[in-house]
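All of the numbers you see were taken from the coordinates with simple rules; none came from a lab. Remember, predicted model here, so these are calculated numbers, not experimental data. Here the Cβ is made from the backbone with ideal geometry for all residues, glycine too, and neighbour counts use every protein chain on show.
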Amino acid sequence: MGDEPTPATDTTPGLRGLSAELDAIVAKLGVKSVLVMRSQPDSMVVAATAGEASKHYTVGAAGQKAGDTERVPLYCERVVNTDAPLFVKDSRDDATFAGNEDEVEFGLHNYLGLAVHDPSGGVVGTVCVLDDAAREYRDDEVAALEALRDDVERALREDDSALGG
């Protein structure tokens, strides 16, 4: 029972320098998952992962976007489409996100995510945290996620392939 390995923090080569920051956010916020996601036309792809839920969210894993279908949208898909922060205290009580993939498959119904921009200002992905408890985030916790977003954008300025793909 206690033989399961602790999920490891992992990143694309271009984000490797952010591993300690990812781990620090997991510790500071006490969340199950911290992710950096890359937006593809039809999916959201994991570029960096930390926290207990890393066993589910491995680098390169992809979640299909809902697009124009009747599927429940991915949290990160909404962030990319709106270029706006998204906070979902409890997706089970949310008209838009109830029954989403992260909630149903992994039990993660709390979400906070921010858009990641390329040097020209286009949205190319997200940084986000997910948890299995309905909760709010303090200003300093949001600031930690904003700092991660800034560092991911800095990495993209230095290497446009930092998110992989």
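Specify which labelled value, from (i) -0.77, -1.22; (ii) -0.55, -0.97; (iii) -0.74, -1.05, agrees with log10 I(q)/I(0) by the Debye sum over Cα atoms at q = 0.13, 0.17 Å⁻¹ derived from the coordinates of the model shown.
(ii)
Give me a comma-separated list of calculated 3J(HN,Hα) values for the range 107-119, in order, Karplus coefficients 6.51, -1.76, 1.60 applied at θ = phi - 60°, integers in Hz, x for any Gly or Pro.
Karplus values, whole Hz, x for Gly and Pro: x, 9, 10, 10, 9, 9, x, 10, 6, 10, 10, 7, x.
Taking the number of other C-beta atoms within 10 Å as the exposure measure, put LYS32, LYS55 in order starting with the fewest.
Values: LYS32 22, LYS55 15.
By the 10 Å Cβ count, ascending: LYS55, LYS32.
From the residues HIS117, ALA27, ALA95, which one has its Cα farthest along the dipole of the range 18-165 in the positive direction, the dipole being from +1 and -1 charges on Cβ of Lys/Arg and Asp/Glu about the Cα centre?
Working it through, the farthest residue towards the positive pole turns out to be ALA27.
Return the whole-Å distance between the Cα centroid of the range 133-165 and the Cα centroid of the range 45-87.
14
So if a site counts as exposed when it's one of the GluC sites (Glu not before Pro), its DSSP state isn't H, G, I, E or B, and it has at most 12 other Cβ atoms within 10 Å, what's the longest stretch of the chain without one?
Segment 1-69 is the longest.
What distance in nm separates the simple spin-label points at ALA66 and ARG135, each placed 7 Å from Cα in the Cβ direction?
2.6
Kindly write out, for the range 134-140 in residue order, the coupling ³J(HN,Hα) from the Karplus curve 6.51 cos²θ - 1.76 cosθ + 1.60 (θ = phi - 60°), rounded to whole Hz, with x marking Gly and Pro.
Values, residue by residue: 5, 7, 9, 10, 6, 4, 5 Hz.
Counting pairs of alpha carbon atoms under 8 Å apart in space and at least six apart in sequence, what relative contact order in percent does the range 10-158 give?
On the way: 293 pairs, mean separation 33.8, N = 149.
After rounding, I find 23 percent.
Please give, to one decimal in nm, the separation of the simple spin-label points placed at ASP83 and VAL123, each 7 Å out from Cα toward the Cβ.
In this crude spin-label approximation the distance works out to 0.9 nm.
Amide H to amide H under 5 Å from VAL124: which residues, 5+ apart in sequence or cross-chain, H placed 1.01 Å off N in plane?
VAL116, HIS117, ASP118
Kindly write out, for the range 124-132 in residue order, the coupling ³J(HN,Hα) from the Karplus curve 6.51 cos²θ - 1.76 cosθ + 1.60 (θ = phi - 60°), rounded to whole Hz, with x marking Gly and Pro.
10, x, 9, 10, 7, 10, 10, 9, 9
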